[in-house]
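The values are calculated or read from the model by the stated rules, or taken from the named source; none is laboratory data. Computed from a prediction, not measured in an experiment: that's the story for all the values here. Cβ placement follows ideal geometry from the backbone for every residue including glycine, while neighbour counts extend to all protein chains displayed.
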Amino acid sequence: MGQRHNPGVTRESAAERAMRDEEVLRANRELAAYFRGRRTEREARAALKIIKAFVRNRERLDPADRPALPGADSAKTSKKVRNEKTVRDSGGGDRRTPPRKPRGKVSKSAAVSSEPAVSSEQKVLAQSGAPSESDEKTP
């Protein structure tokens, strides 16, 4: 028969743990790429298997002995530091479009000016029901 391992005991070295963390981070990026439409479902399933195995292994560890999640150190950077970096590096590497300016309400004068210009004479003729010059046919 095969040997049974104690569920709470792992014999992982620091190098193996670092390699596994890198693999989980890569799998996480693959899964995110699938949701953006850049990977196939098959690749996403493979990435999900890696992540699930990592979680299953992590659940077996004693909560007090669990190492930090992979990528957790990069998530701890504050917004202030990130914002200062973007202000400093605003030299053209940003692909995002500038934010749109809010549109105000259309004033009545702008709404009136969008209508075709009609002379007062044409308005009077239209109200009286008399045909205008443009309605009459020329022989």
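A compact table of results
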| read-out | value |
| --- | --- |
| Matching residues in region 51-71 - criterion: being more than 24 Å from the chain's Cα centre (by Cα) and part of a helix (DSSP H, G or I) | Lys52, Ala53, Phe54, Val55, Arg56, Asn57, Arg58, Glu59, Arg60 |
| Region 34-45: number of residues that are surrounded by fewer than 15 Cβ atoms within 10 Å (Cβ to Cβ) and under 25 Å from Ala68 (Cα atoms) | 1 |
| Near pairs, Cβ below 6 angstrom, 6+ apart or cross-chain, from region 23-41 (of a type in the set (Phe, Trp, Tyr)) to any residue that is at pLDDT 95 or above | Tyr34/Ala44 |
| Failed criterion for Glu12 (all others in (1) loosely packed, with under 10 Cβ neighbours inside 10 Å; (2) of a type in the set (D, E, K, R); (3) part of a loop (DSSP other than H, G, I, E, B); (4) at pLDDT below 90 hold) | (1) |
